[in-house]
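Contents: one structure, followed by commentary.
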Amino acid sequence: MQATLSALLAKATVEFPRLKSRADFEAAKARYVGPHGEFTVLMKQMGTVAKEQRPALGRLINEAKAQLQVQLDTALARIGEAEIAAQLGPAIDPTLPSPDTGPGTAHPLTLVREEMCRILRKAGFTVVEGPEVETEYYCFDALNTPAEHPARDAQDTFYFPGKARFGNLTKKTPEEKYLLRTHTSSVQIRTMLKGEPPIRIVSPGRVYRRDTSDATHSANFHQIECLYVDKNVTVRDLKALLDYIFAALLGKDTMTRFRPHYFGYTEPSFEVDLSAQHLPKVNKDWIEIGGCGMVDPAVFAGVGYDPDVWSGYAFGMGLERLAMLMYGIDDIRYFYQNDLRFLKQFA
Ligand code: DAH
């Protein structure tokens, strides 16, 4: 019997490592330890062995059983790993350049963002980015937007629960809440607190508002923000830069106009309209495109710049609105649906 057991184990040792699939495994398992398996049959022969031989034989059988179990477990684990490896496919090296240069195209919002940044770089601006999760200080307080301002209402802004923690974003006060930034103007404050004037930055990025989606509104959209701080900066400089940007982006015939408005962080403040004869969406009327103004002295004082020495302008505008004008798109939702029929038009 001992010899039969050894032979059985030897056979299993050869057979199990060769099993390829779960079905093979189940069949082999049945052949050895199933109700009619070779090992099961051997065990049943215990009863026919002389009484005094039984303890020794029992020990042998237990050892053989344990060894068989190890063989089974090893085989099953190996087959499981092979299955996962087959699902994952060949290993990918993410650092290699993409072989796929053909079908992809830049998203229209990327095109507009890149073009705006290129134009502004030529005018001496540096591209900077800020966090999308912000604190009330950067989004509102430092921008001279008081607690009772409607923009701060929970109806308009996505706030995080009071107990939310973002380790990398320091709060000014414990009561202050985290929020999703409602505009890129927060980057003005971050930039000014980080460095000394003169400053010339452009900052594109995502912003969030509690809007319900319709053809022209989305709870998540994109803005581009500019800030210029230097000595003797005037509204003329602001108007000149905007005229330059839109002429470069949309064509020489593009005109801009300012309408007085209110923003807490600029004084005076304006809304900017543009008109471009050659653009189908804009040829009849003036279209509002963004907000701007001269940096409010209170904002300078808040970041430690002497308002008697430094002056500056700032503006912000929505990238979707711009792209819709440029390409004649009439529904903002097209930008986010990833419909190839839409995206391929920008190849
Ligand atoms: N933050 C404003 C908005 O989201 C736009 C804006 C207005 C930006 C005036 C500015 C500015 O930098 O000076 O509607």
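Points worth noting:
- Residue identified as crowded, with 18+ Cβ neighbours inside 10 Å, over 25 Å from D330 (Cα atoms) and not acidic (D, E) among Y178, Y208: Y178
- Residue within region 110-121 that is out of contact with any strand residue (DSSP E or B) (no Cβ under 7 Å at 6 or more places or on another chain), closer than 27 Å to D243 by Cβ and open to solvent by less than 30 Å² (accessible area, probe 1.4 Å) present: yes
- Yes/no for T182 being in contact (Cβ under 8 Å) with a residue 12 or more places away in the chain, under 22 Å from D211 (Cβ atoms) and in contact with a Ser or Thr (Cβ under 7 Å, 6 or more places away or on another chain): yes
- Test: residue in region 167-182 that is among the small types (G, A, S) and in a helix (DSSP H, G or I): no
- The set of residues in region 73-124 that are in contact (Cβ under 8 Å) with a residue 24 or more places away in the chain and part of a loop (DSSP other than H, G, I, E, B) comprises T105, A106, H107, A123, G124.
- Verdict on L274 being modelled with pLDDT under 95 and over 30 Å from R200 (Cα atoms): no
- Cβ-Cβ under 6 Å pairs, at least 6 apart or on other chains, region 243-260 side surrounded by fewer than 18 Cβ atoms within 10 Å (Cβ to Cβ), far side hydroxyl-bearing (S, T, Y): D243/T256; A247/T254; M255/S275
- Residue check for Q345: open to solvent by 30 Å² or more (accessible area, probe 1.4 Å), away from the ligand (no atom under 12 Å from the Cβ) and either in a helix (DSSP H, G or I) or within 15 Å of L227 (Cα to Cα) (or both): yes
- Just one of the listed residues (K44, K65) is surrounded by 11 or more Cβ atoms within 10 Å (Cβ to Cβ) and assigned to a helix (DSSP H, G or I), and it is K65.
- Among residues of region 308-323 that are polar (S, T, N, Q), those with a beta-carbon under 6 Å from a residue that is more than 8 Å from the ligand (Cβ to nearest atom) at least six positions away or on a different chain give the pairs S311/V233.
- Scanning region 272-283 for residues that are within 16 Å of the ligand (Cβ to nearest atom) and surrounded by 18 or more Cβ atoms within 10 Å (Cβ to Cβ) yields V272, L274.
- Residue in region 208-229 that is of a type in the set (K, R) and touching a Ser or Thr at 6+ places or on another chain (Cβ under 7 Å) present: yes
- Y137 being touching a residue at least 12 places away in the same chain (Cβ under 8 Å) and over 22 Å from the mean Cα position of the chain (by Cα): yes
- Hits in region 312-335 (condition: within 16 Å of the ligand (Cβ to nearest atom) and within 20 Å of I245 (Cβ to Cβ)): G312, Y313, A314, F315, G316, M317, G318, L319, E320, R321, L322
- Considering residues of region 284-293 that are closer than 16 Å to L242 by Cα and open to solvent by 20 Å² or more (accessible area, probe 1.4 Å) only, the residue nearest to the ligand (Cβ to nearest atom): E288
- Failed condition for I201, given (1) open to solvent by less than 20 Å² (accessible area, probe 1.4 Å); (2) under 19 Å from T157 (Cβ atoms): (2)
- Of everything in region 294-338 that is within 14 Å of A215 (Cβ to Cβ) and of a type in the set (D, E), the residue that is surrounded by the fewest Cβ atoms within 10 Å (Cβ to Cβ) is D330.
- Here T184 meets each of (1) surrounded by fewer than 20 Cβ atoms within 10 Å (Cβ to Cβ); (2) β-branched (V, I, T); (3) within 13 Å of the ligand (Cβ to nearest atom) with one exception, condition (1).
- Qualifying residue in region 215-237 (condition: over 27 Å from G328 (Cβ atoms), open to solvent by 10 Å² or more (accessible area, probe 1.4 Å), touching a helix residue (DSSP H, G or I) at 6+ places or on another chain (Cβ under 7 Å) and away from the ligand (no atom under 12 Å from the Cβ)): no
The values are calculated or read from the model by the stated rules, or taken from the named source; none is laboratory data. Keep in mind the model is a prediction, meaning the values are calculated, not measured. When we count neighbours, we look across all protein chains shown, and the Cβ atoms used for this are built from the backbone with ideal geometry, even at glycine. For accessibility, only protein heavy atoms count, side chains too; no ligands or nucleic acids. Shrake-Rupley method; radii C 1.70, N 1.55, O 1.52, S 1.80 Å.
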